[in-house]
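Structure, as structure tokens:
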């Protein structure tokens, strides 16, 4: 894990959260009929804190949130959204499927990116077919956890044509998506490790 991914404040916050909850506070999203999103808690009070009020559904603030997609207890992709670093949000996992930021404006998603110091892939260094397979995997993962792919943005690439390629590839039904089930299985096996 990079030094950027860990700091003393977040470490203390992470350790404190584990005294209050069964895992670090994190949420999944639910889209309402009006197009707005709600944050539904994944975490529960710890046994020692069970008498306190349980975590509640909340509306996202107009702000940046970290997200990670990890394998849940049922071995299916699970989304975790929160306000702490990716490493801590993933509960110090050594393996994640995707990570980045979700930007909300007026309770709606305005952007999803791949900006993560702890878990990342250098997309521009991949061969074009690997880029397509990566995007196909991301597209399927997002569908599985309820994230809209149309807002996905490759933050780490400064190459504007590559960003445009990724946006078009993510939004289009391309051949790689049709054959992506095996790629997703391989992607899930590979995951990301903290750098």
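The values are calculated or read from the model by the stated rules, or taken from the named source; none is laboratory data. Bear in mind the structure is a predicted one, so any value in this text is a computation, not a measurement. Heads up, the Cβs are rebuilt from the backbone with ideal geometry, glycines too, and the neighbour counts pull from every protein chain shown.
Hey, could you check region 116-147 for residues that are surrounded by fewer than 16 Cβ atoms within 10 Å (Cβ to Cβ) and in contact with a strand residue (DSSP E or B) (Cβ under 7 Å, 6 or more places away or on another chain) and say which is nearest to residue 36 (Cα to Cα)? The extreme case among them is 146. Taking region 90-143 as the range and being in a loop (DSSP other than H, G, I, E, B) and more than 30 Å from residue 61 (Cβ to Cβ) as the test, the residues that pass are 94, 122, 126, 127.
For region 41-86, which residues satisfy the criterion of being closer than 18 Å to residue 98 by Cα and part of a loop (DSSP other than H, G, I, E, B)? Correct list: 42, 72, 73, 74, 75, 76, 83, 84, 85. Here residue 114 passes the criteria (1) touching a helix residue (DSSP H, G or I) at 6+ places or on another chain (Cβ under 8 Å); (2) modelled with pLDDT under 85 except the one numbered (2).
Condition (residue is at pLDDT below 75 and surrounded by fewer than 17 Cβ atoms within 10 Å (Cβ to Cβ)) applied to region 93-101: is it met by at least one residue? Yes: region 93-101 contains one or more residues that are at pLDDT below 75 and surrounded by fewer than 17 Cβ atoms within 10 Å (Cβ to Cβ).
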